[in-house]
Amino acid sequence: MKREICTLILILLTVFLQAQEDSVILRDANITDQLELYLEQWDGESALSEEFVEELYEDRSDGKLNLNELSYDKAIKELQLTDYQYYQLQLYIENFGQLVTVHELAAIEGFTSEDVARLLPRVEASPTKERQNIFHDFFRKSKSSLLVRYGQILEHQAGYDTARSNHYPGSPGHACFRFSFNSQDKVILKLSGEKDAGEQFFRGEQKKGFDFYAGSLCVQDMGVLQRAVVGDFRLNFGQGLVLGSSLLSGRGGGVEGARRFGSGIRAAAPTNEGDILRGGAITIGDNHIAGTLFGGRAFGSLDNRFGADLSYRRALFKVGVRAVLLTTTDTLQGERLRSTFTPAGFNVAADYHLIAKRHLLFGEAAVNQSGKLALLQAAQLNLSPVFKMLLLFRHYDCGFSAPLGSGFGASSRNSGETGLYMAADCIAGRNCEVSLFADYFRLSEPSYRTDAPIAGLDCGISVVYRIGRHGQLLGKYSWRTRPQNGGENPHLHELAERQRHKVRLQWSLVPHPLVKLKTEMDWQLQRDGDTRKHYQGLLLFQDAAIDMARIGLSLHARIAYFDTDRYDERLYAYENDVYYAFSVGSYYYKGLRGYLLLRYKYKWFSIWLRLARTHYIDRKNVSSGLNQIDAPHKTEIKVQIMFSI
């Protein structure tokens, strides 16, 4: 194992050339909020990916944003302005010239004194910079970083017993690296590689080292060339019905949480084998009209994707159309090897958003090669400065499919579903905010844990109360009724109504500028319609964070107690992890879990050490099959180093 780690570091150090990237654990508290929101919606149906963590980190600006050259994406996604506020800001600059001070925002329609106070730490008002020759300072104004990570479960797992007829061929360590080079946000190079636990490393079937390599070269913001990518990339357009890989919005996120933002082409170099395209893509245009062409192969398959998008944007509206051709590469072995591209289908879609006074209308419609339709239509109503609501209707025909799509819905398939989602946000007082949501849906096709059509309802309420400047209370309640497979005879595929009540109480406190504390209780109660029995799950945990920025040292720690009647009552909680990683604590059965995350940063060097351990009180072993541990505990260790210049 030691030899593998040393080999990994030596190889990567030869690749590392230069650069600098700020390596904080979380650049913004909103990142944690968004990750926790996603977990509340996640029920195990889809695989968790580090993709959305990567998106959150990379979309966050290191410094303050200049209001005089603020892009639409930064304004909406990062500063959380409304479309109406962004429109009024641009109109003010057009009529009166560039802002001289941030406090001018108070004179712009749509902005309140609270908005100005919230934006002050994040924005500035400075003259726009003239375009410079990028090649003149290509290396001098560049940033680079090299990240190396190693993790392992310390207990012995059954799959590493070589006496077994079936066992893992490699070592139990997980290793990965990530290298990035960024010159003035114009030229960006990313490279990454990963070795999963149990796989060989520079021997056996993996003589080339890592089993997975990824990388991309991106050139952007050069005149009419908005972005061009060669290598690995992802696509997000419209509301995601046809082209959407983002997982950062959904039900329960309030008025703003249900809307998808088309970020277009995203260069990628993931450290996990996720849903990416490998090929090339380019976007050409200006602030009003832009066109995109792309082509690539889905990772790990013979499926090819070719497509185009055209969008037109004005101050009050935006429209876009897109088409995707799906093909499969058929490789035939005869007298000679030849490949043919067989058409496998297509998708066509159109989306829009329109600002009507203070309100926003947006939606998307799509069709596939079989003529099956998908429709999403929403209205965001800003009824007053303290109250806004959202109405979102979607209908996806049975048989509609979009392999690159990920739209809003109760099922990840976006097929055979009709639903109405409603949400409301209300400022109930100077220190109190209330959010409500309800989602009624019908699934006319079999879905996760259901073998027949069903109807379901999700609803909930969230209350945030701020205690002074250093404390906050959060209370959430949600209720779900949704039939699932059940009944006394499982072979008949009977459905039984299942109801779930879920409560979260959270207290956050900053007793000292260096110390942050969070106490949380999660409880859920499920009722099975077939047995009429009730099952519970309980999670209690205490978090503590100490950030000593002057000496470059920070610490995160958690101690948790959990008790669930069954695996079905498991509870999820976001856990702080090393930079560019994502950890979810899955708490089920009965036991204790704790973790300690330590980070030290000195100029161009950062190191993270994470130790996590779960101890079960009511069982003698952990997991099963090749992952079985003949002990009631599981210990994970993770070490990460990052060089930056």
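At a glance:
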| quantity | calculated |
| --- | --- |
| Inter-residue pairs, beta-carbon under 6 Å, first over 25 Å from GLY537 (Cα atoms) and in the range 547-564, second of a type in the set (D, E, K, R) and surrounded by 15 or more Cβ atoms within 10 Å (Cβ to Cβ), 6+ apart | GLY552/LYS601; SER554/ASP547; SER554/ARG599 |
| Candidate set from the range 294-317 (those that are closer than 16 Å to ALA344 by Cβ and small (Gly, Ala, Ser)); member that is surrounded by the most Cβ atoms within 10 Å (Cβ to Cβ) | GLY307 |
| Among residues of the range 130-159, those that are farther than 29 Å from ARG178 by Cβ and touching a residue at least 24 places away in the same chain (Cβ under 8 Å), counted | 2 |
| Condition met for LYS638 (outside any loop (DSSP other than H, G, I, E, B), touching a residue at least 40 places away in the same chain (Cβ under 8 Å), buried (at least 16 other Cβ atoms within 10 Å of the Cβ) and under 23 Å from the mean Cα position of the chain (by Cα)) | yes |
| Odd one out for SER435 among (1) under 20 Å from GLY254 (Cβ atoms); (2) out of contact with any helix residue (DSSP H, G or I) (no Cβ under 8 Å at 6 or more places or on another chain); (3) in the same structural domain as TYR396 (by TED's automatic domain parsing); (4) not basic (Lys, Arg) | (2) |
| Some residue of the range 81-93 being in a loop (DSSP other than H, G, I, E, B) and not hydroxyl-bearing (Ser, Thr, Tyr) | yes |
| Search result, residues across the range 103-115 that are in a helix (DSSP H, G or I) and crowded, with 18+ Cβ neighbours inside 10 Å | GLU104, LEU105, ASP115 |
| Matching residues, the range 587-621, being among the β-branched types (Val, Ile, Thr) and without any contact (Cβ under 8 Å) to a residue 24 or more places away in the chain | THR614 |
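Residue by residue, here is whether (1) basic (Lys, Arg); (2) outside the structural domain of LEU381 (by TED's automatic domain parsing); (3) over 30 Å from PHE393 (Cβ atoms) holds:
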residue	(1), (2), (3)
ASN236	no, no, no
GLY240	no, no, no
ARG259	yes, no, no
THR271	no, no, yes
ILE276	no, no, yes
GLY279	no, no, yes
GLY295	no, no, yes
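Residue-by-condition table, conditions (1) touching a helix residue (DSSP H, G or I) at 6+ places or on another chain (Cβ under 7 Å); (2) modelled with pLDDT of 90 or more; (3) farther than 23 Å from TYR587 by Cβ:
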{"position": "SER508", "(1), (2), (3)": "no, yes, no"}
{"position": "LEU517", "(1), (2), (3)": "no, yes, no"}
{"position": "ASP522", "(1), (2), (3)": "no, yes, no"}
{"position": "ASP528", "(1), (2), (3)": "no, no, no"}
{"position": "ARG532", "(1), (2), (3)": "no, no, yes"}
{"position": "GLN536", "(1), (2), (3)": "yes, yes, no"}
{"position": "LEU539", "(1), (2), (3)": "no, yes, no"}
{"position": "GLN542", "(1), (2), (3)": "no, yes, no"}
{"position": "ALA549", "(1), (2), (3)": "no, no, yes"}
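The values are calculated or read from the model by the stated rules, or taken from the named source; none is laboratory data. Note that the structure is a prediction, hence the values are computed from the model and not measured. No Cβ is skipped: glycine too gets one built from the backbone with ideal geometry, and neighbour counts run over all protein chains shown.
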